[in-house]
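A quick write-up on the structure given underneath.
The values are calculated or read from the model by the stated rules, or taken from the named source; none is laboratory data. In this text, all values refer to a predicted model and were calculated from it rather than measured experimentally. Glycine gets a Cβ as well: all are built from the backbone with ideal geometry, and neighbour counts include every protein chain shown. Quick note on the areas: whole protein, heavy atoms, side chains included, nothing else; ligands and nucleic acids left out. Shrake-Rupley method; radii C 1.70, N 1.55, O 1.52, S 1.80 Å.
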Amino acid sequence: MTITKRSMRVLNRRVLVHFRYEQSFHDILQFTGKDSSVGEDVLNKFNETLDQMRNRHSTVVETMAEGILEMKKDYKDSAEDVHTASCIQYFLDRLYANRIGIAVLAKHHLMLFAKMQKDEHCIGAIDPECDIKSIAEDAYENARFLCDQYYMTSPDCEFECHLPFSKSSKEKKITLTYIPSHLYHMIFELMKNALRAVVEHHQHHNSGLPPVKVLICQGHKDITIKISDQGGGIRRSHLVHLFNYMYSTAPRPDDSQTMTPLAGYGYGLPLSKLYARYFNGDLWLNSIDGFGTDAMICLKLFPKDASELLPIFNRTASLKYTQSEQVADWSDPGNSGSEKR
């Protein structure tokens, strides 16, 4: 069997990620049975180990993304490769969902028990009164900065808060109990996509750039954030692929560039969807080809409804990697053409 340079690069990245998780597992096992109430030394050492683990895994997503991009070069539209892509999607969803959960536990512990920079409004990693509009404005400004770097221009953004069931006509601030960094991540990724689409769709027009519009609406049990752009929309046939890790509409980032990539890894949407679903929310897109796209984030308003959604490891889950895809037919348009006979 011939091992190509590309295969070696993929293997090296896989070994690197595997080693990081193995090392972290061994590090955390050292504290099994140790009682932190005996003295501060154990707690301080545990906090130091947790912080080292967080730093060790800070680039796991980028490393995995680069490996997937290398694999994608050998990807073909055959039935076998479609099944492989489905298994990769399933595996990565579970890997990153667990990664989010572990990161939440580590950050929450460190913000409570270590000398980590804290927000006075937060309890650990959780903000009981997370201001959605404020975070959306921060996400827009940072996405706009990147857009200006790449295109030397960027569209404006309009924000609107809607509380149809509020008893006070003056109340316009919408808050919820949430992890601010999760909310920022989702909105930032959607903002980057919206700004890039608007600039690329209108860059040869003389009419200027239409603004991106953000609507934040508080319902009876949910809060919905809608980010609307006039960036030309997405073909209906492409919508089903947008949350796949092996798909991106942007060119691959140049390894030699020093700027933060605006797009290209194909991880922005699928990871944002996992962040939304972590607390029982969701994220989806509605698009009009030729006009624009509405990106929707739905979050649970009440903490009692926002339970963690984590993968389950059992025999049924392992079968996902061995069972082949169902044969596509007219009754399942989502899989139509996924297998050729």
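Some notes on this structure:
- Members of the stretch 34-69 that are over 24 Å from LYS115 (Cα atoms) and among the small types (Gly, Ala, Ser): ALA65, GLY67
- Condition broken by GLY233, with the remaining ones in (1) out of contact with any Phe, Trp or Tyr (no Cβ under 9 Å at 6 or more places or on another chain); (2) crowded, with 18+ Cβ neighbours inside 10 Å; (3) in a loop (DSSP other than H, G, I, E, B) satisfied: (1)
- Any chance ALA143 is touching a strand residue (DSSP E or B) at 6+ places or on another chain (Cβ under 6 Å), small (Gly, Ala, Ser) and either under 29 Å from ALA97 (Cα atoms) or outside any loop (DSSP other than H, G, I, E, B) (or both): no
- Test set (1) closer than 23 Å to LEU69 by Cα; (2) assigned to a loop (DSSP other than H, G, I, E, B) - SER207 fails condition number: (1)
- Of all the listed residues (GLU129, GLU160), the sole one being in a strand (DSSP E or B), over 30 Å from HIS205 (Cα atoms) and open to solvent by 80 Å² or more (accessible area, probe 1.4 Å) is GLU129.
Listed here are the residues, each with its yes/no results for (1) touching a Leu at 6+ places or on another chain (Cβ under 8 Å); (2) among the small types (Gly, Ala, Ser); (3) modelled with pLDDT under 80.
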position	(1), (2), (3)
PHE291	no, no, no
MET296	yes, no, no
LEU301	yes, no, no
ASP305	no, no, no
LEU310	no, no, no
SER324	no, yes, yes
VAL327	no, no, yes
GLU339	no, no, yes
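- Among the residues of the stretch 53-82, the ones that are at pLDDT below 80 and not basic (Lys, Arg) come to 11 in all.
- If you go through the stretch 163-189 and keep only what is over 28 Å from LEU274 (Cα atoms) and either open to solvent by 70 Å² or more (accessible area, probe 1.4 Å) or in contact (Cβ under 8 Å) with a residue 24 or more places away in the chain (or both), you end up with PRO164, PHE165, SER166, LYS167, SER169, LYS170, GLU171, LYS172.
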